[in-house]
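What follows draws every value from the coordinates through simple rules; no lab data is involved. Note that this is a predicted model, so its numbers are computed, not measured. Every residue, glycine among them, receives a Cβ derived from its backbone with ideal geometry; neighbour counts consider all protein chains shown.
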Amino acid sequence: MQTSFSEEQLADPRLRQANDILRKCVHCGFCLATCPTYVELGNELDSPRGRIYLIKDMLENDKPASQQVVTHIDRCLSCLACMTTCPSGVDYMRLVDQARVHIEETYDRPFADRLIRNVLAFVLPYPGRFRLALAAAFFGKPFAPLLQRMGGPFARMGAMLQLAPASFAGRLREAQTGNIFPASSPRSGRVAILTGCAQPVLDPGINAAAIRLLNRLGIEVVLPAGEGCCGGLVHHMGREAAALAFARANVDAWMREIEGEGLDAILITTSGCGVTIKDYGHMLAGDPEYAQKAVRVAALAKDITEYLAAIDLPEPAKTPGLPGLSVAYHSACSLQHGQRIVLPPKMLLEKAGFILRDVPEGHLCCGSAGTYNIMQSEIATRLRARKVRNIESLKPDLIAAGNIGCMTQIGAGTALPIVHTIELLDWAWGGPRPEALAVMLKER
Ligand code: SF4
Ligand code: SF4
């Protein structure tokens, strides 16, 4: 694609990067067919190519973001299916990140929009605040359908309430940062696990399963004091300063461990966070104090399945109830497109003894995408219905996924049990049965 940035503009590293990305696009349109918003809405401006044109025009002409640009960029899920498809290697992720920062800097959002974004940025990245919000949401949940019917800002509140768990028992426990979980067999490795923000509140059983399994495999696990949200939630809102502050805090927490007892890896059980942490080197490249440390941290970051697939696992235990269970594996966009991790989770589930079913249209997002299912609840609900239809067509016993956002989103639209991949692996290698499977196994 031809661009016409001025010499002066190209002196700005951000615009120089945008220029390099834009010039790679050859307008071929291959990305349209795999873009969930284009597939659902059929509007070129809701496709990667359409958004690229809008961003080009905005940045090249140094325009403040218009309502039209904001509408179509806000509708982008950042699922990155377009990057998997693009034959020219267009780095859409960095381009849309830049567009979001530009929107944040130049566009005056309507009051209701600003309010809900501020509330989400104030609550979600902080487990203590999120825990309190969930407790309140538990009582408001019955009103979710009414609020959604009312439309406008009420619909977003309704979407939030609909996604809240039906019970908050067990979610009031604090995450155990600062703790060390020693290997239960001779120690062969030492890793950190990201505690994160929303996941330990929504489902503390996920990291507990990862820790149990790793310990049984001889791996010591540390939850470093000071680690928190990866910064992804605010990063996708274009709030760069807040995202970088979270990134720096995590880099500090992990560097203390790296320089102390050492770490073989930093493991992540929420694949959305994995994309952000693997990008810390780029995010902090302009910060002389953190640039090198961020590269070091990012190089150690691994999805839990990526790590397990690379170690020599023993034969799974003979687990009663497990043989013959069919699993529809939902490949989160942040795993398959964001981190290009496709085979390891499937390979591990098959090795564990499950019968694996590939979900039709598996490349399409379920509509979760961070806060997307709250901010763009109508499109998100359509995408969830499509995903659930595809999953249920397989008639599986259960659904597995590697991202709490997808689990919450899909789980709100189906009666099938949905569990994290690591909970199944822990069960297969001698851990307890995931709680979510109790009813299904009783009925079999
Ligand atoms: S990130 Fe996803 S929603 Fe956004 S343009 Fe690419 S494919 Fe479409
Ligand atoms: S597939 Fe790549 S090169 Fe083709 S239009 Fe989409 S972004 Fe541009």
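Using unit Cβ charges (K, R positive; D, E negative) and no other charged atoms, how large, in debye to the nearest 20, is the dipole of the chain about its Cα centre?
So the dipole magnitude of the chain works out to roughly 1140 debye.
Report the relative contact order of the chain, percent, no decimals, based on alpha-carbon pairs under 8 angstrom and at least 6 residues apart.
So the answer I get is 14 percent.
Can you spot the aspartates and glutamates whose alpha carbon is less than 14 Å from K63's alpha carbon? Ignore those fewer than 8 places along the same chain.
E104, E105, D108
Angle between the Cα long axis of helix 205-216 and the longest principal axis of the chain, 0 to 90 degrees, nearest 10?
Helix 205-216 sits roughly 60 degrees off the main axis of the chain.
Could you pull out every one of the lysines with an alpha carbon less than 18 Å from that of K56, ignoring same-chain neighbours closer than 8 positions?
Of all the lysines, those that pass the test against K56 - Cα under 18 Å, at least 8 places apart if same chain - are K24.
When only DSSP loop residues count, what trypsin sites (Lys or Arg not before Pro) in the range 274-326 have their Cβ near at most 13 other Cβ atoms within 10 Å?
For trypsin sites (Lys or Arg not before Pro) across the range 274-326 that sit outside H, G, I, E and B with at most 13 neighbouring Cβ atoms in 10 Å, the list reads K318.
Using Cα atoms only, what is the angle between the long axis of helix 240-259 and the major principal axis of the chain, expressed in degrees (0 to 90) to the nearest 10?
For 240-259 against the chain, the angle is about 40 degrees.
Considering the options A198, I219, M237, tell which one lies farthest towards the positive end of the dipole of the range 180-308, charges being +1 on Lys and Arg and -1 on Asp and Glu at the Cβ, about the Cα centre.
It is I219, whose Cα lies furthest towards the positive end.
Once you have a ≥ b ≥ c as the square roots of the Cα gyration tensor eigenvalues for the range 1-115, tell me rounded if a/c is under 1.5, and otherwise prolate or oblate according to whether a/b is larger than b/c.
Note, shape of the range 1-115 comes out oblate.
Cut-off under 27 Å on the C-alpha distance; same-chain residues fewer than 8 positions from K302 excluded. Which lysines are left, in chain and number order?
List returned: K278, K293, K346, K351, K387.
Could you pull out every Cys in the chain that lacks a partner Cys with its beta carbon under 4.7 Å away?
Unpaired cysteines in the chain: C25, C28, C35, C76, C86, C366, C406.
If you line up the long axis of helix 152-163 against the longest principal axis of the chain, both from Cα atoms, how many degrees apart are they, to the nearest 10?
With rounding to tens, the tilt is 20 degrees.
Would you mind classifying the range 111-163 by shape? Square roots of the alpha carbon gyration tensor eigenvalues, ordered a ≥ b ≥ c; an a/c under 1.5 is rounded, otherwise it is prolate if a/b is larger than b/c and oblate if not.
In terms of gyration-tensor shape, oblate.
Apply the Karplus parameterisation 6.51 cos²θ - 1.76 cosθ + 1.60, with θ equal to phi minus 60°, to every residue of the range 49-61 and state each ³J(HN,Hα) to the nearest whole Hz, in sequence, with x for glycine and proline.
5, x, 5, 4, 4, 4, 5, 4, 4, 5, 6, 4, 9
Given the C-alpha centroids of the range 359-399 and the range 255-289, what is the distance between them in whole angstrom?
That distance is 29 Å.
Let a ≥ b ≥ c be the square roots of the eigenvalues of the Cα gyration tensor of the chain; is it rounded (a/c under 1.5), or, if not, prolate (a/b larger than b/c) or oblate?
Prolate.
State, as an integer percentage, the relative contact order of the range 13-119 based on alpha-carbon contacts under 8 Å between residues 6 or more apart.
Once normalised by length, the contact order is 31 percent.
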